[in-house]
Every structure is written in structure tokens, then in C-alpha cells.
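The values are calculated or read from the model by the stated rules, or taken from the named source; none is laboratory data. Please read all numbers here as calculations on a predicted model, not as lab measurements. Positions of Cβ are backbone-derived with ideal geometry, glycine not excepted, and every protein chain shown enters the neighbour counts.
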Amino acid sequence: MIKDRIIELNSSMPAGARLLAVSKFHPVEAIREAYDAGQRLFGESRVQEVVAKKDQLPADIEWHFIGHLQTNKVKQLVPFVTLIHGVDTEHLLAEIDKQAALCGRTVDCLLEVHVAREESKFGFSPEDVLRFFSEGADRRYEHVRVVGIMGMASHVDDDAAIRSEFKILRSLYDEVKAKYAPWFRELSMGMSGDYRIALEEGSTMVRIGTYIFGERNY
Ligand SMILES: *Cc1c(COP(=O)(O)O)cnc(C)c1O
């Protein structure tokens with residue numbers, strides 16, 4: 001049951017960590033059930049889908065965007081999104097900044113960092129992130145606040161490998177926060193298969209879909 005999973009997960013969150021319920025590909029009724037169990041943070045990965053869902057659901061839901069965001073879709077998302085987790089290029093950050101300025105908002109974002117073994121097309125390397133902040137690149141964007149980083153571990157059955165990737169993300173987060181960005185407050189890591197390890201390694205937000213809502217029908 002969705003409700004039981006929400007209650008179980010939220011009651012087991014360590015201090016300083018929050019649950020993002022990843023509701024992509026699941027219907028409004030499933031989200032409503034999680035909402036009724038107290039869940040308020042939901043993650044979606046397609047702009048059209050979240051735009052269609054949000055008007056059918058309570059206004060106190062925080063919508064987070066976790067997918068690959070195309071620049072031509074930014075305009076529809078920016079008026080209501082709480083946090084964009086997967087900013088994978090500076091070009092995208094510039095577009096979010098532009099659209100946020102047009103609608104009079106400042107939008108919180110996370111840089112997506114790739115540390116997994118899989119060859120990743122998307123995101124920044126840890127070195128890119130350090131360079132971004134050491135050059136003061138974040139100051140180019142007045143309507144965007146980069147408040148942390150997001151990452152995914154390799155899809156492997158090797159807990160030690162997953163843990164070492166989460167450790168890399170945590171130490172990058174700590175370094176950026178200490179040297180450049182004292183306002184850093186989100187380290188988004190951990191999914192259904194690895195969230196326990198992510199929490200042990202200092203995640204501030206786990207993004208859990210399948211464990212709550214079951215398999216997705218794509
Ligand atoms: C779909 C998705 C999740 C949720 O994955 P589950 O394995 O279903 O928990 C988390 N993060 C991102 C970026 C996703 O795209």
C-alpha cells in the first residue's frame with residue numbers, strides 16, 4: 001500500500017533528510033493517496049505530465065523536477081517548480097535564469113554530477129562543479145540559486161561500489177559548501193534500490209518511486 005510505504009519511509013528518515021516521492025508515470029489517484037498519508041514533496045520527470053497533474057491536486061504540494069530538462073520546456077516549469085534536481089549544463093542554467101527573471105521568481109536548482117561507472121551523457125564531473133564555483137559562475141545567474149548537487153550511483157549489485165560513489169558526492173558537496181557556497185543545503189542522492197546506503201552517506205533528499213508506487217508502465 002502506498003500509504004504504508006509513505007508512513008514507513010517518513011518515520012525512518014534521519015534528521016536532516018527528506019523524502020521525495022517520485023510519482024512519474026503514476027496517476028493522480030496514487031499521488032492523492034500519498035498526499036493523504038502526509039507526503040508533500042513529489043518528483044516528476046516530464047514537463048507536460050507535471051503541468052497536467054498539478055492542477056488536479058492540492059496547492060500545498062512541492063513539485064520537484066528530476067528528469068532531463070529540455071530548454072524549450074523550461075518556461076512551463078519555472079512558474080511553479082520548487083527545485084530542479086538535474087541541471088546538466090550551464091546552458092540550461094542560463095535558460096532557467098532567463099525564464100525565472102521573466103516571471104519574477106528565483107528558482108532553486110541542483111547541479112547533476114556524474115560519478116557512476118556507466119558512461120553518462122549528462123551532467124557535470126566533480127572537477128566541473130569545483131571549477132564552476134571557483135570561477136564564481138553561479139553569480140552570473142541572478143534568478144537561479146544553486147543550492148546543492150544531485151547524483152546517481154551505478155546500477156550494480158555491489159554495495160561497496162555504490163557506497164564509494166555516494167562518498168564522492170558527499171565529499172564534493174562538503175567541499176563546495178565549505179569553500180564557495182555556504183548556502184548549500186541539498187545533496188539529492190538515493191533511489192528505491194540504494195536509498196539506505198545514500199542516507200548513511202549523508203543524503204539530504206532521497207528520490208523514491210518504485211518502492212512507494214510499484215513498477216511504472218512506460
Ligand atoms: C525515476 C527516478 C527516480 C526514482 O527511481 P526508483 O528506482 O523508482 O525509486 C529517482 N531519481 C531519478 C533521477 C529518476 O529519474
Got a sec? Which of Val156, Val147, Val206 is more than 13 Å from the ligand (Cβ to nearest atom) and in contact (Cβ under 8 Å) with a residue 40 or more places away in the chain?
-> Val147
Any chance the stretch 3-21 includes a residue that's assigned to a helix (DSSP H, G or I), in contact with an Asp or Glu (Cβ under 7 Å, 6 or more places away or on another chain), among the charged types (D, E, K, R) and more than 13 Å from the ligand (Cβ to nearest atom)?
-> yes
Of residues in the stretch 209-218 being surrounded by fewer than 21 Cβ atoms within 10 Å (Cβ to Cβ) and either of a type in the set (Phe, Trp, Tyr) or on the phi < 0 side of the Ramachandran plot (or both), the one nearest to the ligand (Cβ to nearest atom) = Thr210
Could you tell me whether the stretch 87-106 includes any residue that is closer than 24 Å to Leu19 by Cβ and either in contact with a helix residue (DSSP H, G or I) (Cβ under 7 Å, 6 or more places away or on another chain) or not in a helix (DSSP H, G or I) (or both)?
-> yes
The lone condition Phe133 fails out of (1) of a type in the set (Phe, Trp, Tyr); (2) more than 16 Å from the ligand (Cβ to nearest atom); (3) within 22 Å of His64 (Cβ to Cβ) is (3)
With the checklist (1) in contact with a Lys or Arg (Cβ under 9 Å, 6 or more places away or on another chain); (2) among the small types (Gly, Ala, Ser); (3) at pLDDT below 95 in hand, flag the one item Ser134 doesn't pass.
-> (3)
Pick from the stretch 58-86, criterion closer than 30 Å to Ile168 by Cβ and assigned to a loop (DSSP other than H, G, I, E, B), ranking: nearest to the ligand (Cβ to nearest atom) | Ile66
Taking the stretch 22-57 as the region of interest, how many residues are touching a residue at least 40 places away in the same chain (Cβ under 8 Å) and part of a helix (DSSP H, G or I)?
-> 2
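This table checks each residue for (1) touching a Cys at 6+ places or on another chain (Cβ under 7 Å); (2) under 20 Å from Cys109 (Cα atoms); (3) charged (D, E, K, R); (4) surrounded by 15 or more Cβ atoms within 10 Å (Cβ to Cβ).
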{"position": "Asp4", "(1), (2), (3), (4)": "no, no, yes, no"}
{"position": "Arg18", "(1), (2), (3), (4)": "no, yes, yes, yes"}
{"position": "Val22", "(1), (2), (3), (4)": "no, yes, no, yes"}
{"position": "Ala30", "(1), (2), (3), (4)": "no, no, no, yes"}
{"position": "Gln39", "(1), (2), (3), (4)": "no, no, no, yes"}
{"position": "Arg46", "(1), (2), (3), (4)": "no, yes, yes, yes"}
{"position": "Leu57", "(1), (2), (3), (4)": "no, no, no, yes"}
{"position": "Asp60", "(1), (2), (3), (4)": "no, yes, yes, no"}
{"position": "Trp63", "(1), (2), (3), (4)": "no, yes, no, yes"}
If you scan the stretch 171-201, which residues turn out to be more than 14 Å from the ligand (Cβ to nearest atom), over 15 Å from the mean Cα position of the chain (by Cα) and surrounded by fewer than 21 Cβ atoms within 10 Å (Cβ to Cβ)?
-> Ser171, Asp174, Glu175, Lys177, Ala178, Lys179, Tyr180, Ala181, Pro182, Trp183, Glu200
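Table: residues versus (1) crowded, with 20+ Cβ neighbours inside 10 Å; (2) among the aliphatic types (A, V, I, L, M); (3) closer than 18 Å to Glu62 by Cα; (4) free of Cβ contacts under 8 Å to residues at least 40 places away in the same chain.
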residue	(1), (2), (3), (4)
His91	no, no, no, yes
Ala100	yes, yes, yes, no
Val107	yes, yes, yes, yes
Glu112	yes, no, no, yes
Glu118	no, no, no, yes
Val129	yes, yes, no, no
Arg139	no, no, no, yes
Ala160	no, yes, no, yes
